[in-house]
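The values are calculated or read from the model by the stated rules, or taken from the named source; none is laboratory data. As the structure is a computational prediction, the values presented were derived from the model and not from experiment. Cβ coordinates were reconstructed from backbone atoms using ideal geometry, including for glycine residues, and neighbour counts include every protein chain displayed.
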Amino acid sequence: MIDLVRVKQEDENILHNLLQFYIYEFTVFQEIKLEENGSYAPFDLKPYWTESDMHAFFIMYNGEYAGFAMVETGDPNVILEFFIMRKFYRRGFGKIAACELFNKFPGKWSITQVAKNEPARSFWRMVIGDYTGGSYIETVDDFNRSIQEFDTALITKN
C-alpha cells in the first residue's frame with residue numbers, strides 16, 4: 001500500500017537524508033559536487049514549515065520510506081521535486097503517488113523535467129497521459145526542459 005504522509009518539521013532530518021539519495025541520482029543529469037563534508041548541499045526546507053503553498057510528503061510503502069514529493073500549490077500547482085528510491089522502481093509506486101497528488105490538489109498542473117533526464121520525461125508523459133487520458137499539453141522551454149501542463153477540472157473520469 002502506497003501512502004502520502006505529510007512531512008512534519010520534526011522529520012526534517014529524514015527528508016534531508018532522502019534528498020541526499022535524490023541529489024546523488026540527479027548527478028547523472030547535472031553537474032553537482034559534494035561539499036567538503038562529503039554530502040551534497042542541503043535544500044532549504046524552511047518554506048515547507050512556514051508557507052501555506054509549500055507541501056512535502058513522504059511516499060511510504062508498508063511503513064517504509066519509498067521516496068518523497070515536494071509540491072508548490074497555486075495556479076498552476078507544481079511538483080518541485082519527486083523521488084522514488086531505486087529499490088522501488090518499476091512497481092507503479094511513483095504513478096500511484098503522483099496521481100494521489102493530482103487528486104489532493106485539483107486544478108492546473110505544470111510538471112517540468114531537465115533536458116537530459118529522459119527517464120523522468122518518459123515517466124511523466126506516461127503518468128500524465130494515463131491520468132488525463134492524453135489531455136495534456138507538452139512544450140519545451142529555452143533550456144530544453146520538457147513541461148507537461150493539464151487541468152484536473154478538464155478530465156472526465158470513467
task = Please enumerate the residues belonging to the stretch 1-12 that are closer than 14 Å to GLY67 by Cα and either of a type in the set (Gly, Ala, Ser) or surrounded by fewer than 12 Cβ atoms within 10 Å (Cβ to Cβ) (or both).
result = MET1, ARG6
note = Inside the stretch 87-130, the number of residues satisfying the requirement of being surrounded by 13 or more Cβ atoms within 10 Å (Cβ to Cβ), in contact (Cβ under 8 Å) with a residue 40 or more places away in the chain and of a type in the set (S, T, N, Q) is 1
request  = Might you check whether a residue that is out of contact with any helix residue (DSSP H, G or I) (no Cβ under 6 Å at 6 or more places or on another chain), of a type outside the set (A, V, I, L, M) and at positive phi occurs anywhere in the stretch 85-101?
outcome  = yes
request  = Restrict the check to the stretch 88-107 and report whether at least one residue is within 20 Å of TYR48 (Cα to Cα) and either touching a Pro at 6+ places or on another chain (Cβ under 9 Å) or assigned to a strand (DSSP E or B) (or both).
outcome  = no
Residue match in the stretch 75-86 (condition: part of a helix (DSSP H, G or I), under 17 Å from the mean Cα position of the chain (by Cα), surrounded by fewer than 18 Cβ atoms within 10 Å (Cβ to Cβ) and modelled with pLDDT under 95) = yes
query = TRP49 versus (1) in contact (Cβ under 8 Å) with a residue 24 or more places away in the chain; (2) part of a strand (DSSP E or B): which is the lone unmet condition?
reply = (2)
ask   = Which of the following residues is basic (Lys, Arg) and closer than 24 Å to ASN17 by Cα: ARG86, ARG125?
value = ARG86
note = When every residue in the stretch 145-158 that is within 17 Å of LEU80 (Cα to Cα) and more than 14 Å from the chain's Cα centre (by Cα) is compared, the one surrounded by the most Cβ atoms within 10 Å (Cβ to Cβ) is PHE150
task = Could you tell me whether ALA66 is in contact (Cβ under 8 Å) with a residue 60 or more places away in the chain and crowded, with 16+ Cβ neighbours inside 10 Å?
result = yes
remark   = When every residue in the stretch 1-27 that is free of Cβ contacts under 8 Å to residues at least 12 places away in the same chain and in a loop (DSSP other than H, G, I, E, B) is compared, the one nearest to TYR89 (Cα to Cα) is THR27
